[in-house]
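> Could you have a look at this structure, given as structure tokens, before my questions?
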């Protein structure tokens, strides 16, 4: 059997659609790394929060590998590229509801699927729950 694709990009698309359907503003929490193309002036503590509302983006496109779009920052248009592996979460600005993901170090991202293995052999009582950090 061939290796299954990651569920992460599908979940990102689903939460984005849920936000839009409920007139909420989808935001993407991204851990900035060497592959991430975002305006560095807006990166804080190695992270950036991006508004993915259709009114704030142009040519928003989701693939299984990346989220790409252009957006204006202080009136200047920027083309953004966010690898799926760098996405820490997608949530609604208004209520914080969404989904958050574990982000592996860059060298581990190249060879591992970003999935958490919930099989019996891997379940432990020390599983770390994701946390939401308020970014202003």
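All of the numbers you see were taken from the coordinates with simple rules; none came from a lab. This one's a predicted model, so the numbers in the text were calculated from it and none came from an experiment. For neighbour counting, all protein chains shown are included, and Cβ atoms are generated from backbone atoms with ideal geometry for every residue, glycine included.
> For residue 58 and residue 35, compute 0.36 nm times the residue count separating them, minus their Cα-Cα distance, and round to one decimal in nm.
My answer for the length gained is 6.2 nm.
> Compare the peptides 62-73, 78-89 by average per-residue count of other Cβ atoms within 10 angstrom and give them in order, highest first.
Going by the mean number of other Cβ atoms within 10 Å, highest first, we get 78-89, 62-73.
> Ok, one more. When the Kirkwood hydrodynamic radius is evaluated over all pairs of different C-alpha atoms of the range 8-100, what value in angstrom, to one decimal, is obtained?
Kirkwood hydrodynamic radius for the range 8-100: 13.1 Å.
> For the range 8-100, what is the relative contact order in percent, using Cα pairs closer than 8 Å and at least 6 residues apart in sequence?
Relative contact order for the range 8-100 comes out at 35 percent.
> Another question about this same structure. For residue 65 and residue 100, what is the calculated FRET efficiency with R₀ set at 22 Å and r taken between the beta-carbons, to the nearest 0.05?
Here the calculated transfer efficiency is 0.65.
> Can you give me the distance in nm between label points at residue 72 and residue 44, each placed 7 Å from the Cα along the Cα-to-Cβ direction?
So the label points at residue 72 and residue 44 sit 2.2 nm apart.
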